[in-house]
Structure formats: C-alpha cells, structure tokens
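Here the structure comes first, spelled out in structure tokens, and everything after it is commentary.
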Amino acid sequence: MESTQGLPLEVRLSAYLDGQLPHAEVREIDGILAHDEKARTLFNRLKLGSDLGRKAFEDMLHEPVPLDLVRNIKLATIEGGQSAGRLPPAQPVRDVTPFGSWARLGAAGLVLLLASGSAGYLLGTRHVPAATPVQTVEARDWLDDIAGLHRIYARQTRHLAEVPPSEGQHITEWLASAVGMEFKIPDLTASGLAFEGARLLVAAGSPTAQLLYKDADGQIFSIYFQKSDPVAEKSDLTDSIRDDLGLIAWQNGSASYVVVGPSSDPALEAIAKAVAQAI
C-alpha cells in the first residue's frame with residue numbers, strides 16, 4: 001500500500017474508502033474524520049457515489065440482452081451475401097427511453113469509470129435523477145457500517161487494538177473527547193471476556209468508539225458507541241444478525257450502543273445486558 005501524504009484530501013479519502021492506505025495513514029484519516037466536519041461531509045459524498053455506482057453495476061448485470069441486438073445477430077448469420085460476423089445496417093430504433101439499450105451500454109462505461117480511485121467522488125458530485133431509488137442508500141444505517149468494521153478488525157492479531165488495555169485512563173479520556181460522551185470501560189471478566197484495548201472509528205459519518213474483548217477461544221467481541229439524537233427513555237435491547245455476526249443495539253440518553261460478537265454465541269444477549277448496566 002502506497003502513501004497518499006501530500007495528495008488532495010478527496011484522493012486520500014477515496015483510498016481510505018477502498019482500504020488502500022497503510023495502517024499509520026488509516027489512523028490519521030480516522031482522526032481527521034472525527035474532528036473535521038467538512039472532511040466527514042466529503043467522505044459521505046464519496047461513500048454515496050461508491051454505493052450508487054455499485055447499485056448501477058448490479059442493475060446492469062440483471063438487464064436482459066436487447067432484443068434488437070439478438071435479432072441483428074441472427075440476421076447476420078442467415079442472410080446471404082454477407083461476410084461472417086458482419087452485422088446488417090442498423091435499423092431505426094423505436095421507443096427509445098432513458099433506460100433503453102443505449103443506457104445499458106452507458107452503464108458498461110460506468111463500470112470502467114469506477115475502476116479509478118476517484119470514481120466515487122465523481123459519482124457523488126453529479127446530479128442524481130429523480131427516478132433514482134434514493135431509499136436504497138438511506139436504508140443503510142450505522143449498524144451496517146459496524147458489521148463491516150468488526151469483520152475487518154476482528155481478523156487482526158498484532159494490531160487488534162489502536163490503544164492497548166494497559167492505558168485504560170487514556171482510552172476513557174481520549175474516546176470521551178472524540179465521541180463527545182462520557183463512559184466507563186465495562187469489566188466483563190465474569191462473562192469470560194478480557195479487555196484488549198480500543199479504537200476510534202467512523203460509522204455513518206460520525207466518530208465511533210470501539211472497545212475490544214476476547215474470550216478464551218480467541219473470539220472477538222466489541223462494544224461500539226457514538227453520540228446520537230437524545231431519547232426520553234432507555235430503549236429495549238434489539239438484536240439483529242449480519243451473516244455470522246450478532247448485533248444487539250440500544251439507545252440511552254444521547255448515545256447509541258451496540259455489542260457485536262459471533263451470532264452463534266448463546267451468551268451474547270447476557271453480555272449486552274451486562275454492558276448496558278456497566279458502561
């Protein structure tokens with residue numbers, strides 16, 4: 001992975017979004033996103049562009065082959081007096097719509113555009129037609145980001161945590177300042193989990209704290225929290241599953257929390273209840 005030091009911020013954020021930055025620069029970008037509102041806005045535009053491009057590509061793959069093209073190919077093989085592989089003169093195209101065959105050919109060009117490092121930025125800044133199903137992007141919440149982040153960092157061994165567990169006081173002060181809310185590091189030894197340290201991340205465009213724990217089998221559990229719109233009363237714990245991950249989330253005051261671990265672990269709900277009482 002090459003360094004992007006000295007390059008424009010949008011280029012660095014694009015590389016960050018694609019997972020192409022060295023570890024030291026990932027930490028630097030995490031810090032920028034945590035404290036710079038303009039940088040977070042730009043990052044969200046890049047992410048939106050990437051999501052729209054991916055959706056366009058998936059739609060293109062499900063489009064049927066245009067019937068006009070099929071007919072022309074058949075005609076080319078059966079008409080006499082024509083050389084092999086040569087298509088007859090194109091017939092006038094009727095009832096052309098913005099989503100017709102030319103639009104599908106244009107979508108292929110879009111795929112090539114997405115191969116560049118700044119494609120997400122270009123898509124994020126262009127006008128989105130009214131017919132675009134914007135709700136497919138809005139449906140993604142912070143839990144989707146959390147699930148992706150957990151899969152990345154749970155695989156780490158040497159670099160599991162950004163700050164080691166021995167610096168508990170520093171972790172509390174650092175994350176409280178970055179996220180904007182006070183908390184306590186839960187002691188989960190009674191649940192068979194050892195504290196492994198902490199990270200500062202970005203989920204749904206907001207600074208997010210991650211407290212990491214490990215059980216005797218080496219499975220990673222995490223507590224994530226970020227500042228959110230206040231609620232009058234503490235919400236119930238709500239569980240969901242993302243493939244092999246179980247997520248149990250709740251809100252309390254102006255904070256949102258989620259505990260993540262293996263979906264097959266029967267103690268996950270009990271761990272979340274212990275966290276909700278201790279944090």
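Where a number appears in this text, it was derived from the coordinates with a stated rule and is not lab data. Please read these numbers as outputs of a predicted model, since none were measured by experiment. For neighbour counting, all protein chains shown are included, and Cβ atoms are generated from backbone atoms with ideal geometry for every residue, glycine included.
When every alpha-carbon pair in the stretch 141-278 is counted, what percent end up more than 22 Å apart? Don't jump to the answer; show the numbers that get you there.
On the way: 2838 of 9453 pairs.
Pairs farther apart than 22 Å: 30 percent.
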In nm, to one decimal, how far is the LYS273 label point from the ASP236 one, both placed 7 Å along Cα→Cβ? 1.4
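Which pairs in the list LYS227/LYS273; LYS38/LYS227; LYS38/LYS214; LYS38/LYS273 are over 27 Å apart, alpha-carbon to alpha-carbon? Present the calculation step by step, with values, prior to reporting the outcome.
Details: LYS227/LYS273 20 Å; LYS38/LYS227 18 Å; LYS38/LYS214 36 Å; LYS38/LYS273 36 Å.
LYS38/LYS214; LYS38/LYS273, as the Cα separations exceed 27 Å there.
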